[in-house]
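Structure record follows, encoded as structure tokens.
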Amino acid sequence: MKFSKGAKLSLLVVVLFIIDQIIKIVVKTNMTIGETIPVLGNWFCISFVENVGMAFGMAFGGAIGKLILTLFRIILSGCIIWYINKLLKTDDVPTGVLVGLSLILCGALGNIIDSMFYGVIFSESTPMQVATAFPPEGGYGKFLFGKVVDMFYFPIIDTVWPEWIPVLGGRPFRFFNAIFNFADSCVTCGGIYLVIFQWRFFGRTNTENTEKSVD
């Protein structure tokens, strides 16, 4: 059986989306907030946190900001789906462009599900209590106001400033200490791949659009 390019991309998105959700649900229902499990010493840990904002734990304007961000993600995902569908109808689109966009789409959808449904499905995660699914008393939040589950911690540099350095001496120094999830990784990898390897395609597309406007 031969699958179309669109079917292969859909399968890719579904598989990555399922992986993202499995990781989040396992962490959410087995770890307390702030709990850390070393995997490769201090260089790679599973550290459970939740955020109400953007990727890599960044916050965005309280409850209103959270609602705006969730709606923006939904609209953005719809636009990406429309754009991928448009590119699939074009013969000379590199497969890499479609894969990169699909990775970004998968990441956006993964975090959208957290924001939309996790507050309704799960009880509150606390430093003392592990969350449960479908608690009798109801979830910890409302629809569209769920928290995004993060867990991957890769402090690429985790050291201490030498004592002889003024002010900073003796203080811890960590480079890239953000905690993120699988969906964030999909967005980041897809975006970096498109910028580094597929920029010519988007440059060509902009040139063609400009030429059509002039004509």
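The values are calculated or read from the model by the stated rules, or taken from the named source; none is laboratory data. Treat the numbers as computed from the prediction; the structure is a model and nothing was measured. Because the Cβ atoms are built from the backbone with ideal geometry, glycine has one as well, and the counts that use them run over all protein chains shown. These area figures cover heavy atoms from the full protein model, side chains too; ligands, DNA and RNA do not enter into them. Shrake-Rupley method; radii C 1.70, N 1.55, O 1.52, S 1.80 Å.
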| Rough spin-label spacing in nm, given labels placed 7 Å along Cα→Cβ, for I25 and N85 | 2.7
| Rounded accessible area of Y118 (nearest 10 Å², 1.4 Å probe) | 10
| field | Tilt relative to the chain, helix 182-197 - C-alpha long axis, 0 to 90 degrees, to 10 | value | 40
| Pick the calculated percent of Cα pairs over 27 Å apart for this structure from (1) 37; (2) 45; (3) 49? | (2)
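Expressed in nm², what is the orientationally averaged projection area of the convex hull enclosing the Cα positions of region 119-204?
Its Cα hull, projected and averaged over all orientations, spans 10.7 nm².
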| field | Exposed trypsin sites (Lys or Arg not before Pro) absent: longest stretch of the chain, with sites in DSSP loops and at most 14 other Cβ within 10 Å deemed exposed | value | 3-88
| query | Can you give the percent of C-alpha pairs in region 36-135 whose distance is more than 18 Å? | reply | 63
| What does a probe at K5 reach in region 76-96, counting residues whose amide N is under 15 Å from the point 7 Å along Cα→Cβ? | 83-96
| said: Suppose accessible area is computed on protein heavy atoms with a 1.4 Å probe; arrange S77, S4 from highest to lowest. | reply: S4, S77
| To the nearest 10 degrees, how steep is helix 62-88 against the longest Cα principal axis of the chain, on a 0 to 90 scale? | 30
| said: Can you give me the solvent accessible area of L40 with a 1.4 Å probe, rounded to the nearest 10 Å²? | reply: 100
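Given DSSP loops and a limit of at most 10 other Cβ atoms within 10 Å, what is the longest stretch of the chain that contains no such GluC sites (Glu not before Pro)? Let's see the in-between values first.
On the way: sites that count: E137, E163.
In the chain, the maximal stretch lacking such sites is 1-136.
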| request: Can you send over the carbon and sulfur percentage of the accessible area for the chain, probe radius 1.4 Å, protein chains only? | output: 71
| message | Rolling a 1.4 Å sphere over the protein heavy atoms, what is the accessible area per residue of region 35-163, to the nearest Å²? | response | 52
| request: May I ask for the angle, rounded to the nearest 10°, between helix 95-113 and the longest principal axis of the chain, with both axes built from Cα atoms and the value confined to 0 to 90°? | output: 40
| Residue-averaged 222 nm ellipticity for the chain, from DSSP H runs of 4+ at -39500 (n - 2.57), nearest 500 | -16500 deg cm²/dmol
